[in-house]
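Working notes, beginning with the structure itself.
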Amino acid sequence: MAAPIKMDELLVTWLGSDEVYEDVLNLIEKYRVQRQHQHNQKDNAGALTPPGSPKQGEEKENEPVPLSSRGGTSIPPFYPLKTPTGDTIQRRRKLPRQSETWEPVPAGSSGSEDHHSPQIEGTTTLDGIPLDEILTPSNLCVRDQVSRLLEELGIIPRAAEDMVSSQDLSDIVMPLEVFIRITKEVCGFPSFFNGPLYQRMIDLWNLWHQNEKVDAVTLKALEWFWKQEMEPYDPPERFFRLIKQLDQDCILRDDFLPYIKALLNDHPGLEFLSNHAEFQEKYAVTVITRIFYSVNKCHSGRITSRQVRRSDLLEAFLLVDEEEDINKVMRYFSYEHFYVLYCRFWELDHDRDYRITREDLLKYGDHSLSHMIVDRIFDSAPRPFEQETVDREFLSYEDFIYFMLSEEDKSNDVSVRYWFNCVDVDGDGKLNNMEMRSFYAVQLHRMQCMGHEIVPFEDMLCQMMDMIKPKNTDFLVVEDFLQPECSQVSGALFDALFNLNKYLMFEQRDPFVERQKREDEFESDWDRFACIDYNRLAMEEEAREEEAMEIDWVTVDEDEDEDQEFNGAVSSEAPF
């Protein structure tokens with residue numbers, strides 16, 4: 001029986017809804033209008049001051065005074081942006097800049113003030129280069145940026161200004177291979193977004209212009225797309241609207257596939273996978289699952305606009321586009337991380353049906369997990385991609401990724417909630433002594449069978465409470481584990497309850513080694529584990545290849561005249 005849904009999960013889902021977000025903005029706007037109306041009425045009534053009332057300019061004793069009138073810093077209001085026609089433009093935190101609008105921004109507007117400051121004129125850099133020449137591209141509107149790029153590419157002749165806006169050039173076609181510069185330099189998307197972005201422009205134009213359908217992007221179509229899908233929104237919202245399907249209000253798992261496939265085709269660090277379609281598919285699945293693991297923290301399988309905005313997803317896509325070494329991009333895209341995840345899954349999946357059973361998972365980490373936690377993983381662990389039909393008798397590859405990321409790094413909030421949900425058997429959001437004692441009883445029995453020194457439950461619990469310092473000593477809540485001062489030790493309690501090998505390592509830890517971990521190059525426990533395990537797998541693979549070569553030479557020497565083939569390598573191993 002699956003564990004009941006936690007109230008905090010429902011709250012996160014509710015707050016992540018775009019409809020709720022719009023309602024909150026509407027309430028703020030309504031309140032602002034009411035306050036403005038009341039303020040205007042007071043101003044009109046203050047023209048004739050009644051006897052006994054304070055004079056104008058004096059503060060009333062019981063009436064709050066705005067912060068700006070007290071000499072403090074004025075907090076800018078958080079209101080929706082309005083267009084000249086009165087339409088509300090959501091999702092912008094500030095007015096668009098000159099470089100983000102298709103037409104030039106009128107002089108004096110807030111969006112262009114920072115680019116036309118008189119302090120820039122005449123200023124030079126340390127190299128003697130005029131600063132206004134460096135900032136010139138950012139002063140250009142999108143129309144002029146596109147015009148300059150097309151002139152450089154020879155698509156349009158070098159002519160007078162406003163060439164793009166002329167009617168005779170509006171139907172000029174921009175081929176896919178030259179559109180990549182617009183994708184990267186103008187739109188601000190990674191270069192491998194070129195194909196999907198190009199197709200999205202065509203699809204949207206044909207959807208709204210049934211009588212003017214095109215099979216390639218024209219200047220007219222680009223202008224229309226920019227004004228509809230780019231100019232009203234900031235970069236995170238543009239990214240969100242591009243990834244999701246047109247008829248959806250969220251990003252689903254398959255929405256990332258065209259972009260990951262484009263990455264596989266274009267990135268030099270993944271070129272060696274071009275002849276391995278099976279591993280290309282598994283790499284794409286791994287990247288997408290890791291994205292949902294980190295971004296979709298409520299495990300609904302649906303990434304909202306607010307979740308994209310609060311994540312580093314757009315920055316990670318831009319970084320992988322610039323970095324030639326794919327393994328330096330630790331967030332989501334590292335091939336070494338994929339290799340570790342897939343090989344660990346492959347080692348446990350003996351029947352090769354891409355499903356892990358309870359017996360298979362018990363073998364993970366040299367049988368480090370207790371049977372009790374394995375049962376809880378199958379019964380109540382999050383499964384974001386199987387909301388309707390969840391087969392609790394097996395773990396898919398995606399489910400295994402969730403498990404392994406949580407098991408090897410218990411210091412982040414996603415893994416803490418993952419394991420807290422598994423250990424909280426009654427689903428009341430509180431981890432009490434009875435629940436912890438039931439899990440630890442299995443550990444005591446294993447310690448005794450393996451001949452290790454027995455650590456009583458009371459001693460273990462006292463040690464953990466001293467490290468975590470919960471607000472209530474009668475039970476633990478998930479917020480106790482997420483305190484900044486105990487984020488690195490909160491996972492020790494989970495290890496004590498169900499991972500015997502890691503708990504014994506924690507008890508016998510070397511302070512010098514722990515200090516080295518804090519000072520090494522890795523940002524997380526997962527990055528450290530993946531690097532070590534990848535090196536282990538690489539050495540094992542090299543040893544198998546050397547052994548296979550030796551066997552081949554022996555076979556050739558003994559049977560020179562026989563035409564025999566021998567393949568000592570394991571065909572199911574992933575390529576390096």
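The values are calculated or read from the model by the stated rules, or taken from the named source; none is laboratory data. Quick caveat, the model's predicted, so the values are computed rather than measured. Heads up, the Cβs are rebuilt from the backbone with ideal geometry, glycines too, and the neighbour counts pull from every protein chain shown. The accessibility values were calculated without ligands, DNA or RNA, using every heavy atom of the protein model including side chains. Shrake-Rupley method; radii C 1.70, N 1.55, O 1.52, S 1.80 Å.
Over all other residues within a Cβ to Cβ distance under 13 Å of Met434, the charged ones net out to -3, with Lys and Arg as +1 and Asp and Glu as -1. Only the Cβ atoms of Lys and Arg (+1) and of Asp and Glu (-1) were treated as charged; on that basis the dipole of the range 164-228 about its Cα centre amounts to roughly 220 debye.
Computed over the range 230-365, the P(r) curve from all C-alpha pair distances, binned at 5 Å from the origin, holds 2, 9, 17, 20, 18, 15, 11, 5, 2, 1, 0 percent per bin. Note: relative contact order over the range 418-507, using C-alpha pairs below 8 Å and six or more positions apart, is 32 percent.
Taking the average, over residues, of other Cβ atoms within 10 Å as the packing measure, peptides 524-531, 443-450, 297-304 rank 297-304, 524-531, 443-450 from highest down. For the range 182-248 versus the range 354-423, the spacing of their alpha-carbon centroids is 39 Å.
For the range 391-483, the orientation-averaged shadow of the C-alpha convex hull comes to 7.4 nm² (one quarter of the hull surface).
Protein heavy-atom surface of the range 142-300, 1.4 angstrom probe: 47% of the accessible area is carbon and sulfur, with nucleic acids and ligands not counted.
Sort the range 426-531 into rounded, prolate or oblate with this rule: let a ≥ b ≥ c be the square roots of the eigenvalues of the Cα gyration tensor; rounded if a/c is under 1.5, and if a/c is not under 1.5, prolate when a/b is larger than b/c, oblate otherwise. Cα axes put the range 426-531 in the oblate bin.
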